[in-house]
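Visitor: First, the structure itself, so that you have it in front of you.
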Ligand code: LLP
């Protein structure tokens, strides 16, 4: 359930009229609903309550520190993938002791930073990285006087097909992520016998099989495989205390609503309940996907060949998903008027009198579209459009390509709207370049 609804011919985010927000803060504008973020976090927590998991919201999805703070207040930990993301968590007042750090290319500086902040766990992706972590942990003085070591999980590649887009499939053998299941047991055994084990406790397994996953079977397959590994490791006398099952639960771009977390839980909770493992989860899109819209203003209308173009003031530089993955984001006017006011789900409602258009941006690339072959009510120059379900991998993947400053971000709570990132300026574009010579 998201809280973006049409009432009286116009779009509201909770109790704030989106057109008013655009007038106040300008466009392009990312608008997030605090209530939706909380509700989706709560849904997941409730569905998996029997496991009492550590939920680590995936920072890369929507990394604004005000949103991280909101989720930290809900009790969330964080999945991080860089030193920069750890820095964001700290700036948001998040607890580094509830951060799990994945990523195939962690640098020495990043690892030192995370060791220094005593993060919950390093999700190690290769044998070399594990050796390097052990070296740096020893250099950092671990084990310390209290016997404390760094905690690590081995990211295992379970070789399952999550049936999602190729670019966001991460748990198949041919991807760069994790260590093959067959090699994993050897890695645990040889590390336990090595010097490195004095500084690093490798006592957990991590998987993350992909993103925008709608089916439970790939999770069941992957979890079943790694539970087999856990049994084998325990039989060999090695301690395994935690399993991080990653993220990947889909958002529904057709309805604008989150998927049913209970369906995932119904399949996974029985598998995991008696495993004697602390369970960690890393949801991102499920929480943030349907919690944000990108509001844009129509600049020009034009015909080209047999196409009608609606040219707007945002595009692939602010929401790259359509260009990069061919993703669908529903687009509809902010003030469609009563005749075109949607009821219920986003996609699929048929309105007479709509026009077939391509909604495109100002960037000099033909891939710069937000939606092609869309039926929209007739729009005019100056009208506002909402691009729905843009809360995940929207602003987080935005760039300044073509030297367009980044959009502003607003967080709505009831009728209140708070600017959580000011609009980028021309000076923002060049400040690091000016400072380089200083
Ligand atoms: N954990 C790890 C280790 C990850 O790599 C990711 C996402 C997540 C958790 C969160 O996954 P989620 O629950 O959001 O599916 N830019 C793409 C998605 C890339 C996913 C990267 N990893 C998109 O816009 O569809």
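Visitor: Any idea which of (1) modelled with pLDDT of 95 or more; (2) more than 22 Å from residue 53 (Cβ to Cβ); (3) more than 16 Å from the ligand (Cβ to nearest atom) is the one residue 159 doesn't satisfy?
Guide: The failed condition is (1).
Visitor: Answer yes or no as to whether residue 193 is surrounded by fewer than 21 Cβ atoms within 10 Å (Cβ to Cβ), away from the ligand (no atom under 16 Å from the Cβ), without any contact (Cβ under 8 Å) to a residue 40 or more places away in the chain and over 28 Å from the mean Cα position of the chain (by Cα).
Guide: yes
Visitor: Here's another thing I want to ask about it. Residues being surrounded by fewer than 24 Cβ atoms within 10 Å (Cβ to Cβ) and in contact with a helix residue (DSSP H, G or I) (Cβ under 8 Å, 6 or more places away or on another chain): count how many of those fall in the range 295-315.
Guide: Of the residues in that region, 1 qualify.
Visitor: Can you tell which of 174, 217 is surrounded by fewer than 21 Cβ atoms within 10 Å (Cβ to Cβ) and closer than 23 Å to residue 279 by Cβ?
Guide: Of 174, 217, the one residue that is surrounded by fewer than 21 Cβ atoms within 10 Å (Cβ to Cβ) and closer than 23 Å to residue 279 by Cβ is 217.
Visitor: Which ones in the range 277-297 are farther than 25 Å from residue 3 by Cβ and either away from the ligand (no atom under 16 Å from the Cβ) or not in a strand (DSSP E or B) (or both)?
Guide: The answer is 277, 278.
Visitor: Somewhere in the range 132-142, is a residue at pLDDT 95 or above and within 16 Å of the ligand (Cβ to nearest atom)?
Guide: no
Visitor: What's the total number of residues in the range 95-128 that are in contact with a strand residue (DSSP E or B) (Cβ under 7 Å, 6 or more places away or on another chain) and within 16 Å of the ligand (Cβ to nearest atom)?
Guide: 14
Visitor: Could you list, ordered by first residue, the pairs with Cβ atoms under 6 Å in which the first is in the range 107-126 and in a loop (DSSP other than H, G, I, E, B) and the second is within 16 Å of the ligand (Cβ to nearest atom), at least 6 apart or interchain?
Guide: 119/99; 119/101; 120/98; 120/99; 120/100; 125/104; 125/155; 125/178
Visitor: Then there is this: Can you report the number of residues in the range 385-398 which are within 13 Å of the ligand (Cβ to nearest atom) and either in a loop (DSSP other than H, G, I, E, B) or without any contact (Cβ under 8 Å) to a residue 40 or more places away in the chain (or both)?
Guide: Of the residues in that region, 7 qualify.
Visitor: Being assigned by TED's automatic domain parsing to the domain that holds residue 318, closer than 23 Å to residue 60 by Cβ and surrounded by 12 or more Cβ atoms within 10 Å (Cβ to Cβ) narrows it down to one residue among 390, 386, 417; which is it?
Guide: The unique qualifying residue is 390.
Visitor: Regarding the range 208-217, can at least one residue be identified that is under 24 Å from the mean Cα position of the chain (by Cα), on the phi > 0 side of the Ramachandran plot and part of a strand (DSSP E or B)?
Guide: Scanning the range 208-217 turns up at least one residue that is under 24 Å from the mean Cα position of the chain (by Cα), on the phi > 0 side of the Ramachandran plot and part of a strand (DSSP E or B).
Visitor: Yes or no: residue 263 more than 16 Å from the ligand (Cβ to nearest atom) and either more than 28 Å from residue 149 (Cβ to Cβ) or touching a residue at least 24 places away in the same chain (Cβ under 8 Å) (or both)?
Guide: No; evaluated as a whole, the condition is false for this residue.
Visitor: On to the next question. Name the residue, out of 204, 222, that is within 16 Å of the ligand (Cβ to nearest atom) and either under 22 Å from the mean Cα position of the chain (by Cα) or in a loop (DSSP other than H, G, I, E, B) (or both).
Guide: After applying the criteria, what remains is 222.
Visitor: Oh, and also: Condition check: within 14 Å of the ligand (Cβ to nearest atom) and touching a residue at least 12 places away in the same chain (Cβ under 8 Å). Does residue 210 satisfy that?
Guide: yes
Visitor: Ok, one more. Would you check if residue 137 is surrounded by 21 or more Cβ atoms within 10 Å (Cβ to Cβ), at negative phi, assigned by TED's automatic domain parsing to the domain that holds residue 245 and more than 26 Å from the chain's Cα centre (by Cα)?
Guide: yes
Visitor: Can you tell me which residues in the range 177-190 are outside any helix (DSSP H, G or I) and either in contact (Cβ under 8 Å) with a residue 40 or more places away in the chain or surrounded by 15 or more Cβ atoms within 10 Å (Cβ to Cβ) (or both)?
Guide: 177, 178, 179
To keep it simple, each residue is scored yes or no on (1) in contact (Cβ under 8 Å) with a residue 40 or more places away in the chain; (2) out of contact with any strand residue (DSSP E or B) (no Cβ under 9 Å at 6 or more places or on another chain).
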{"residue": "232", "(1), (2)": "yes, yes"}
{"residue": "236", "(1), (2)": "yes, yes"}
{"residue": "244", "(1), (2)": "yes, no"}
{"residue": "258", "(1), (2)": "yes, no"}
{"residue": "270", "(1), (2)": "no, yes"}
{"residue": "291", "(1), (2)": "yes, no"}
{"residue": "308", "(1), (2)": "yes, no"}
{"residue": "311", "(1), (2)": "yes, no"}
{"residue": "317", "(1), (2)": "yes, yes"}
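The values are calculated or read from the model by the stated rules, or taken from the named source; none is laboratory data. Source: prediction; values computed, not measured. Methodologically, a virtual Cβ is constructed for each residue, glycine included, from the backbone with ideal geometry; neighbour enumeration extends over all protein chains shown.
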